[in-house]
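Just below is one structure, and these are the notes that go with it.
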């Protein structure tokens, strides 16, 4: 699989898990600044963290706000986001 496609697929999975956590705890949204690009940093996937940091830096270099959020990896046993 193309590495970019793999990162995309893993980020989609991470995003769905994050959305589920918002359904369980809507106050999570209060922590994210309006208009910011949300960058998720999974706890157990260092290569995805590096790639997502790279994407966050690119967004910041365009002058946009970025919000980084450390989350539990969907592959972890609990599968809940911190």
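Candidates [x] 29, 26, 21; [y] 30, 26, 18; [z] 35, 33, 16; which is the computed Cα extents along the principal axes in Å?
Answer by label: [z].
What does the helix-only formula give at 222 nm for the chain: each DSSP H stretch with n ≥ 4 adding -39500 (n - 2.57), the total divided by the residues, and the result rounded to the nearest 500 deg cm²/dmol?
It lands at -16000 deg cm²/dmol.
Would you please state which residues of the stretch 1-28 a label at residue 57 would reach in this model, taking the label point 7 Å out along Cα→Cβ and a backbone N cut-off of under 20 Å?
Only 3-5, 7-8, 11 pass the distance filter.
Highest mean first, how do 22-28, 55-61, 67-73 rank when packing is the count of other Cβ atoms within 10 Å averaged over residues? Don't jump to the answer; show the numbers that get you there.
Values: 22-28: 10.1, 55-61: 13.4, 67-73: 15.6.
Highest mean packing first, the order is 67-73, 55-61, 22-28.
Where a number appears in this text, it was derived from the coordinates with a stated rule and is not lab data. These numbers come from a predicted model, not from an experiment. Methodologically, a virtual Cβ is constructed for each residue, glycine included, from the backbone with ideal geometry; neighbour enumeration extends over all protein chains shown.
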